[in-house]
Amino acid sequence: MTVLLLLFLICGCTCGSLHGDDSAETLSFADASFCDGDLEVIYPQLHVDRCLIVPKDDMNLREKLTTQWGAPSILYPHAEEDRLYLLVMVDPDAPSRSNPRSAYWKHWLVTDLQGSKLRNGTLQGTTVTDYLAPSPPPASGFHRYQFLLYDQPPIEAELITEQKKSRRGQWDLMAFIHSFNLGSPVAQVQFLTQNYKD
């Protein structure tokens with residue numbers, strides 16, 4: 001009985017401390033399970049090959065992500081060499097996750113990505129919407145930055161023209177997917193970060 005009580009107390013303390021650490025620095029199940037398909041997003045000091053939270057550490061990754069680094073390299077090792085792909089980067093949490101009235105925020109849109117180049121991390125395609133670095137507003141909590149890669153079917157030129165003119169905020173991702181007949185992404189990955197001064 002004493003052993004069981006001791007074991008219960010140890011488990012209780014451990015669970016309590018894990019729960020105490022279960023803050024914004026821990027991925028929820030939904031956030032952790034978003035990633036699928038081995039898509040890799042590669043910044044100079046940050047390699048995103050799974051769902052993760054960008055740590056606020058000595059290297060100031062969050063600040064570099066917002067203020068210094070440009071567009072990342074994109075690697076998809078399963079790309080078919082003779083196939084074209086389409087990449088979207090969005091923030092579904094604009095201006096905050098609790099009040100996403102400007103979602104989706106379109107950060108990047110690239111079409112005509114050559115599969116042969118994606119296999120070695122070279123991004124060669126047509127930029128429809130220029131890359132915009134993650135820049136969560138102050139005190140808005142964590143934002144998800146999602147990268148979705150699709151097989152690209154034939155695309156009408158007027159649809160591309162519409163996308164070039166479309167605004168970044170309140171972008172209707174679902175309508176975009178439907179208009180372009182994209183279906184489900186072949187791969188997707190996300191990272192979470194917050195304003196680097198928070």
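Just so you know, all these numbers are worked out from the coordinates, no wet-lab data involved. None of these values were measured; they are calculated from a predicted model. Note that each Cβ is placed from the backbone with ideal geometry, even for glycine, and that neighbours are counted across all protein chains shown.
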By the C-alpha gyration tensor axes a ≥ b ≥ c (rounded if a/c is under 1.5, else prolate when a/b exceeds b/c, else oblate), the shape of the range 36-105 is oblate
So for R0 = 30 Å, FRET eff. of GLU162-ILE42 from the Cβ-Cβ r, to 0.05, ends up at 0.50
Relative to the chain, whose Cα atoms define the longest principal axis, helix 2-21 and its Cα axis are tilted in degrees, nearest 10, by 40 degrees
Long-range amide H partners of SER140, meaning residues 5 or more apart or on another chain whose placed amide H is closer than 5 Å, are ASN195
Scoring only Lys, Arg, Asp and Glu (+1, +1, -1, -1) among other residues with Cβ under 13 Å from the Cβ of ARG101 yields -1
With the charge dipole of the range 56-198 built from beta-carbon charges (+1 for Lys and Arg, -1 for Asp and Glu) about the Cα centre, the Cα from THR127, SER73, GLN190 projecting farthest to the positive end belongs to GLN190
Amide H neighbours of HIS107 at under 5 Å, excluding residues fewer than 5 places away on the same chain, with H built from the backbone geometry, are MET89, VAL90, ASP91
Checked the range 35-193 with the C-alpha gyration tensor, a ≥ b ≥ c its square-rooted eigenvalues, rounded below a/c of 1.5, otherwise prolate if a/b is larger than b/c and oblate if not; verdict oblate
The ³J(HN,Hα) series, computed from each phi in the range 87-94 with the Karplus coefficients 6.51, -1.76 and 1.60 at θ = phi - 60°, rounded to the nearest Hz and given as x for glycine or proline, is 10, 10, 10, 9, 10, x, 10, 8
Here, SER179 and ASP112, labelled 7 Å along Cα→Cβ, have an inter-label distance in nm of 1.9 nm
Under the 7 Å Cα-to-Cβ spin-label approximation, TYR131 and ALA32 lie apart by a distance in nanometres of 3.0 nm
